[in-house]
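For reference, the structure is listed below as structure tokens.
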Amino acid sequence: MKYTLHLTMTPFVGHTLNSQEATQLITSLVEFTKDVEVGYVNAGNRAATLVIDTENPQDLIKKVVPWCIVTGEHPNVEPVVGWDDFVQSLADISGVDLQQIKSNNGAPEGCCSSAKNISELKPFSMPVGGEDLLEFMAWDTIEVPGVGEETIELKGTYQIERQHPTSSDWNEAEIDIKMKKLDVKGVSERLGRVEVSTNNEFQQSQGRVQKGTAFTDIPTGGAKLCEMNNFAKFNLPDLGLTAFNKEPIELKHTITHVPPVGQGGGTGDVRIPLFNVEDPDGEPVAYLKKVKTHIGDFCKGHSEEEKEAGNQHNHQH
């Protein structure tokens, strides 16, 4: 069952917390927010709204009380800063290394560090959890009745959040994943411009790197199966149409490293109805008939070093 919590953060005054208390606070936030399905905050008044799926609401209160007060609804709170950025800001105020906490929080012993570039990728090795912003290409076959069908090449980026693996052993491990953002675009001769993004307002795109291998005749040491149930928006501005899928787009990849830079997959032949966002209960306005994908390189700005270099460059100019 899903519960919505409307919270106001207790004052975070630096001189009232020693480093041990601050570390415990941030650690509890990292652990607590694993269960957050939707969240946003207001940096000005430290308000937070979280949607959490749980069978035991009393457990939420026990987790929440140490670091915030349940105060009722905050209808005027605007999402000035994202939840992850908000937790980062608290860590910065307290002098706590948030990345170290995340790396140590539940990662099985023996996991390697998350790669930030191609040279750091380790085949058949499990890294700690993290986020990856990667180049992404897709070839979507879309049919719009009365207009036509075409396969469109789409290019852009996607951002994936990876939880810690269940094991440091490649064969035994599973990893829960979420597609936080998708931004790919292309042009079709029949359909005009095509822009595809995630549709988290309808449902979160998420999936899993599966235990074992993708091939029954290779029981260990082989490629693993990664599955993602994608919920997307298909904006066709030249047709004056934005459509979305209600049933998941089941993307499947076979991967030899995490993140799966340079690898690809897709759906095979499907016929997924797409509905008009302006008439979600009406008849389908289009059909997604196939998706092929290719995961590209790490995007510039992925690593903290690249971000800092970019900030210095912008400051100089």
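Just so you know, all these numbers are worked out from the coordinates, no wet-lab data involved. Note that this is a predicted model, so its numbers are computed, not measured.
Data overview
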| quantity | calculated |
| --- | --- |
| The stretch 118-298: relative contact order as a whole-number percent, Cα under 8 Å and 6+ apart | 23 percent |
| Equivalent-ellipsoid semi-axes of the stretch 118-298, from the Cα gyration tensor, Å, largest first | 31, 15, 15 |
| Which listed pairs, of Lys181/Lys289; Lys116/Lys224; Lys122/Lys292; Lys116/Lys185; Lys122/Lys246, have C-alpha distances above 31 Å, in listed order | Lys122/Lys246 |
